[in-house]
Structures are given as structure tokens and as C-alpha cells.
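The values are calculated or read from the model by the stated rules, or taken from the named source; none is laboratory data. Since the structure is predicted, the reported quantities are computational estimates derived from the model, not experimental observations. In this analysis, Cβ positions are derived from the backbone assuming ideal geometry, glycine residues included, and neighbour counts consider all displayed protein chains. SASA here: full protein model, heavy atoms, side chains in, ligands and nucleic acids out. Shrake-Rupley method; radii C 1.70, N 1.55, O 1.52, S 1.80 Å.
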Amino acid sequence: MSRSRALVLALIVVLAGAFFALGGHRYLALEQLRAHEEAVQRTFRQHPAGTAAAYFLAYVAVTGLSLPGAAVLTLVGGAAFGLLWGTVLVSFASSIGATLAFLASRFLLRDWVQARFGARLRAVNEGVAKEGAFYLFALRLVPAVPFFLINLAMGLTPMRAATFYAVSQVGMLAGTIVYVYAGTQLATFRLSAGLVVAFTLLGLFPLAARRALAAVKARRAFARWPRPAKFDRNLVVIGGGSAGLVAAYIAAAARAKVTLVEKHRMGGDCLNTGCVPSKALIKTARVLSTIRRAKEYGLRSASAEFDFADVMERVQRVIRAIEPHDSAERYASLGVECVHGEAKIASPWIVEIQKPNGEKASLTTRAIVIAAGGRPFVPRIPGIEQTGYYTSDTVWDLRELPARLVVLGGGPIGCELAQAFARLGSRVTQVEMLPRLLIREDPEVSAMVEKRFLAEGVDVRTGHKAKAFRIENGRKVLLAEHEGRELAIEFDALLVAVGRVANTEGYGLEALGIPVTKARTVETNEFLQTAYPNITACGDVAGPYQFTHTASHQAWYASVNALFGGVKKFRADYSVIPWATFTDPEVARVGLSETEAKERNIPHEVTVYGIDDLDRAIADEEAHGMVKVLTAPGKDRILGATIVGEHAGDLIAEYVAAMRHGIGLKKILGTIHIYPTLAEANKYAAGAWQRAHAPQKLLGLLERYHAWRRG
Ligand SMILES: Cc1cc2nc3c(=O)[nH]c(=O)nc-3n(C[C@H](O)[C@H](O)[C@H](O)COP(=O)(O)OP(=O)(O)OC[C@H]3O[C@@H](n4cnc5c(N)ncnc54)[C@H](O)[C@@H]3O)c2cc1C
């Protein structure tokens, strides 16, 4: 604990101790008050301003120090100053005192609590950021919830002090008036159980009102649309990608009648233009790169001759091999009706389908899941349409290797494809506006990837902003700006990989008035419900993540909440989300990065294990990378892990499971890992943490003990 914290804590303890030692608590008993009512009133009549000021300060001190007696002090306010002035004094004093207690709790405990339970508190923090004022208001109306507890608990959340003060002032007013009034009637007034129940109901009122409000809002949204008397389906899912497939399957497994509508290809982006083809291409590129490194493995020569068209045909072969997993036949066998066609939401209960053969169908449905995915974002850079470009949607059609390829974008997709094409023989220039590749990761992670890219011949141009594309004498040129200077980069083909946007247009959202967010994804609440509670969204169309595994994770919530939301809803849980970028070296992450921990002021310790030391990595000639783990200070609780190196995406699974189930580094260290494997790196990272936290005093004693034993 820092010195200033220790000082504040000591001050509070001394003041609270003095209060009890001097018998302050005795004066705050109701019987005492009744006995001295006359005297209190007399003093006020003789010295009104002085008495009011002293009372105000005493009230602030008692509440600020979270001492017992605020209720009795409020009654004193009524007895001494009457209803109006009593209410004014108590209202301000209690709000100021509460805010002081809130600030003290924040100063003393918040960092510790957030560091210890940060991951688990994420949902609470987000809830408080969004609706904390509302909940505080409701709590303030319920006298059954102790005043001081609310102050201390709210101090641990991210709520702004000004919001806390304002809501407390307003929220406590009703209770204050009643208590002050009780003080004016001290002789006769009794705080009965009935009154507390009445207050509690008053407090529950906003919560009930909120539910009612949500119901009214939904009713109003629905009111514009005629409701079918009967429904053809329980659920219609729009989109047969990673999200839609899982959503439909969950519904079928729960014995709902479900139709999945896909306008293009089952499996969506992941199977057809995303994860699967990119990983297939990366593998071929990697095989080539290994062949080129034959000498490192003691082989005198190895041939790396190939035809690029064959490489791209292999990609298609891999897609075809995985296709049956996502096929209409498979899903039909699981109980999902699959329809090939373009879906449009005609009303909250009607989905119209335009089939490729011109037929139209209209299905009435209880609920709808929107899983329409996303598409590559193409920036409007002058000349880009004239020079032409590929995106992750179209690059798979290439059958001739571009001699000079510009990859626009230094994110995961740009990096994966830039390296793969470079390994296949293109002269790749990767252009990124930001100062480094993979900007979401820690700087040294980006540096490791960049170093390898440069070594493999990728011309990495970070800090370069693409300004225009030109065709000059038949040659394609990118004009980029770097540190105020303009430079020209010639190329044969351009691959745009600067991000993806959600598909939110053209299938009915506009007519239904379903809003989109600033990030241009479909707006949903924490239950993934849109403005219409029976219409949910998941996957890339809903965000905030753009991964296959998050799409299918969300799909469960979207499906269950769409089908059963009227009875029970489940909040989408984003507490432990892992991801990987399949470059070489591979980069995988779960939880916090060091940069994020610093930005968010989350206390943490960093342990790094260098994979260059790992036997298996050395045997494989792949001795590079690291395991970096963030833990809570002095604890083995994992806040986040980043792995850079061979199979990082597989290795991270151990840390994902550990974080998900609250397993610390000590338990990872106590787990047998097979020798020689890359997975041992996880254990060695845990070992490095253990060494840094070895009990030095005990070890000193042991050393002396052994010395004594030796005589
Ligand atoms: C090159 C690349 C590599 C990637 N690599 C990885 C990776 O390694 N790991 C990973 O986790 N993620 C990866 N991703 C991301 C991953 O592909 C997406 O996050 C995932 O596909 C999202 O699934 P989805 O179901 O939300 O959307 P999609 O897969 O896009 O599916 C949406 C479907 O909805 C259909 N549709 C849209 N509108 C309608 C309509 N009106 N009617 C009927 N059908 C409609 C579309 O045709 C589409 O098939 C990669 C993406 C790309 C582009």
C-alpha cells in the first residue's frame, strides 16, 4: 500500500476510534435523542447558525467516515430544525458525506479490487458505465440497503464522483424528507417494519418501472406491425456463416422449428473466403519457406518449384474438404431447414425470402436471429477503382502470382496474407498508416513480427498513409505519405485489408428502425436483442469482435434469448476472449496485454519466458518468441497472456482455460507437461513467475539450516 493510502486509512481509523472512545455512539441512540429533544431545540433557538453549522459538519463526518448513526442524526435534524431546514441540511450533508465515503473507498480499495477481480467485474463495470446512475437511484430509495454500504460499494466501480453525488442527492431526497419529518414528530413517531417495507417497494418501483418501460417500448415498436395469429416457425436465422449455423443448430437442439436462410454459400466468410482459405494458403507458404531453409536442417538441397495455380487449387480443395461440416445436408440432418435465398425482414414476425430461381417465400416466425456477417471495407482513396484491387473476398480467384503486391493494412488479415504471398514469391510491400503492425498487441510483439517480415523480404512501410492510386504509362502506382513526404510505390496487384464492416443494409433493418452503432454494427443490448426483443443479432454483424469463435459463442445467446427471452434471458459473457494471428511467428492472446493494463491503470506484474530457451523449439529450429503473462501483483492470478512463436494459437488454450476457471500459475506449474513439447513453455513461464516470488526469508533460513546440518 502506498504511503498516502496508508495515511488516509490511519486517519480514518483514528477518527473512528476517537468517535467510539469519546462515547459519540451513545449520543446517536434514539433514546438519548428523545431525552434531549428539548435541549437540542433550545440550543438551536439561541444559536441557530452555529448549531446548524456544527450539525452539518457532524453529519458529514459521521457519514463520510461510515460511522453508525446517520438515521438518528437525520431524526435530530427534524427535531432541531424542523421539516424545511432539517431536510435542506440533511440532504446536502448526507450527499457530501456519502461522496466522501465513496471517494475514500475508491482511493483505498478500488485499484486493489479491480486488479483482483477485474476480469470478473468487467460486466459489472460495463453495467455501471451504462446504467449505474439508474441502479444507484433505485438503491438510494431502498432504506433496507444500508446507506454506508452503497457508498463504499459504488466507490469500487468506475462511476464518476459527480454522477454519484448528483444521483445520491436526488435519490435520497424522498427518504430524507420522511426521516426528517419523523424527527419533527419524535415523541410519537416509530420506525415500523411496515414503513421499511413501503420504502423498499418504493425502491423497487424504478426497477419495475424500467421493466414496464422496456415492455412499453417493445410494444410500441411492435405496434406498427400486424401480428400474425399463428406462426410458421419459432425461429428464422438470416445468414449461414459461423454465427448463423450455430444459432440455428441451438434452436433445433431445443426442438424449435427453425429455418436458416443463406443467400450465397453455406459456411459464410470463414469457410469460403476467410479462416479456411487463409490458413490453407499460409500452410503452403510455410512448407515452401521450410524447404528454402533446408540447409538449416542439414539437408544439402530441396526443390521449391511450384505452380501458383496449384497452390490456389489446393486452397479450394481444403474448402471442399471442410464444406460438408457446414453443408445444408448436415444441418438438415440436425433438424434445421436450410433455404437458399436472400432474406429480408418484412416485419418483426415476417421474413421474406427471394430464391435464386425467382420464387418468393414468406415465413411468419416468433423470433429472428440476424447473422448477416460483414464484408471487407474498401477506403475511398482516389484512383483505387481505376487501378483495381483484391480483397479477402476476391483474392482467392487469383491463379497467377502477382510479381509486386501491395498489401494495404497491417492488421491480422493484412499480415497473414502479406507474409504468405511473400513466401510464395511475390515482392510484397505492406503499407500501414499506424506506427506498427498488429497495433492491438504490445509493441515488442509487433516488433517480433516485423523483424521476421523484414528478414523474409516483406517491405514493411508502417507510418505510411495511402493518399492516391494512379496509372502512369501503364504502370500502377500508389502515392503514400510518410513523415510529410510523398513517395511512389509501383505494384502489379493491390490487396486491400484495412478492416471489415458489418452488413446492415438491404434486408429490412432500415424499415424496422433497428439502429446501428457508431462502429456500424447492429445495435444490441447485453442480451444481443435489437430494438425488437424477439430479434437478436450475433457474429460480425453485431460485433464487437470479428472472429469465428466469438460468432459461435454469441450465437448461443442470440438463439436462446430470441426463443426464451420472454421467460429468461442470458447476458452475453465476454470475460475471457482469446484470439490468434496466424503469421510466423504466430501471435496469440487472451485477456489483458501489458499496454492495456497500463492504459487502464490496472496494477499488474509481467513475467516473460523466452522460447529461444525451450528444448523442443531448439530441436525444431524454431527457437524464437515468448510467453508473456500478466498477473495480479503478488498473486498468481492470470490477468492476460500473450504467446509469440510456433503454434501460439494452440498453446494459449492452457491460459484460456486457466483464466476461465480461475486457475493460477502455481497450478500450471504443478501440472505435468510432456517433454519435449512447445506446451512446456507455458509451464516454464509459470516457473519464472514462481522464482520471482520465491519466499526469500524462508530460503535464507533453509540455507542456514543446511549449513548447520553440515556442521
Ligand atoms: C481473410 C480472413 C481470415 C480470417 N481468419 C480468421 C481466423 O483465423 N480465425 C477467426 O476466428 N476468424 C477469422 N476471420 C473472421 C471470421 O471469418 C469471421 O469473424 C466469421 O466468418 C464471422 O461469422 P458470421 O457468421 O458473423 O459472418 P459470415 O461468415 O460473414 O456469414 C454471414 C452470412 O450471411 C449471409 N447473408 C448476409 N445477408 C443475408 C441475407 N439478407 N439473406 C441471406 N443470407 C445473408 C452471407 O452470405 C454470409 O454467408 C477471418 C476473416 C477473413 C476475411
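Taking the conditions exactly as written (open to solvent by 70 Å² or more (accessible area, probe 1.4 Å) and part of a strand (DSSP E or B)), does residue 481 satisfy them or not? Judged against the criteria, residue 481 is a match. Taken together, 540, 612 contain a single residue that is acidic (Asp, Glu) and touching an Asp or Glu at 6+ places or on another chain (Cβ under 8 Å), which is 540. Counting the residues of region 652-666 that are part of a loop (DSSP other than H, G, I, E, B) and either over 22 Å from residue 693 (Cβ atoms) or polar (S, T, N, Q) (or both) gives 0. Condition first: open to solvent by less than 60 Å² (accessible area, probe 1.4 Å), among the polar types (S, T, N, Q) and in a strand (DSSP E or B). Can you find one or more residues in region 679-691 that meet it? No, the conditions are met nowhere in region 679-691. Restricting attention to region 403-425 and to residues that are part of a loop (DSSP other than H, G, I, E, B) and open to solvent by 10 Å² or more (accessible area, probe 1.4 Å), the residue that is farthest from residue 491 (Cα to Cα) turns out to be 411.
Scanning region 256-282 for residues that are more than 20 Å from residue 549 (Cα to Cα) and touching a residue at least 24 places away in the same chain (Cβ under 8 Å) returns 256, 257, 258, 259, 261, 263, 281. The residues of region 548-581 that are surrounded by fewer than 23 Cβ atoms within 10 Å (Cβ to Cβ) and within 16 Å of the ligand (Cβ to nearest atom), listed by number, are 548, 549, 552, 553, 556, 572, 574, 576, 577, 578, 579, 580. Set side by side, the residues 243, 248, 285 differ, and just one is surrounded by 15 or more Cβ atoms within 10 Å (Cβ to Cβ), touching a residue at least 24 places away in the same chain (Cβ under 8 Å) and closer than 19 Å to residue 621 by Cα, which is 285.
So that you can scan it fast, the table gives a plain yes or no per residue for (1) away from the ligand (no atom under 13 Å from the Cβ); (2) in a strand (DSSP E or B); (3) touching a helix residue (DSSP H, G or I) at 6+ places or on another chain (Cβ under 8 Å); (4) of a type outside the set (Asp, Glu):
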site	(1), (2), (3), (4)
312	yes, no, yes, yes
321	yes, no, no, yes
338	no, yes, yes, yes
365	yes, yes, no, yes
369	no, yes, yes, yes
382	yes, no, no, yes
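With a requirement of 3 or more residues that are out of contact with any strand residue (DSSP E or B) (no Cβ under 7 Å at 6 or more places or on another chain) and touching a residue at least 40 places away in the same chain (Cβ under 8 Å), the helices (runs of 4 or more DSSP H) lying completely within region 503-600 that satisfy it span 548-564.
Can you confirm whether residue 209 is away from the ligand (no atom under 16 Å from the Cβ) and modelled with pLDDT under 95?
Against the criterion (away from the ligand (no atom under 16 Å from the Cβ) and modelled with pLDDT under 95), residue 209 qualifies.
Residue-level analysis places residue 309 among those that are among the small types (Gly, Ala, Ser), farther than 30 Å from residue 232 by Cβ, touching a residue at least 12 places away in the same chain (Cβ under 8 Å) and open to solvent by less than 50 Å² (accessible area, probe 1.4 Å). Set side by side, the residues 10, 39, 71 differ, and just one is surrounded by 14 or more Cβ atoms within 10 Å (Cβ to Cβ) and hydrophobic (A, V, I, L, M, F, W, C), which is 71. The one condition from (1) polar (S, T, N, Q); (2) within 16 Å of the ligand (Cβ to nearest atom); (3) under 30 Å from residue 499 (Cβ atoms) that residue 357 does not meet is (3). Checking region 239-251 against the condition returns no match, with no residue being part of a loop (DSSP other than H, G, I, E, B), out of contact with any helix residue (DSSP H, G or I) (no Cβ under 6 Å at 6 or more places or on another chain) and either farther than 23 Å from residue 373 by Cα or more than 7 Å from the ligand (Cβ to nearest atom) (or both). Just one of the numbered conditions (1) of a type outside the set (D, E, K, R); (2) touching a residue at least 60 places away in the same chain (Cβ under 8 Å); (3) out of contact with any strand residue (DSSP E or B) (no Cβ under 6 Å at 6 or more places or on another chain); (4) within 24 Å of residue 585 (Cα to Cα) is not true of residue 648: (3).
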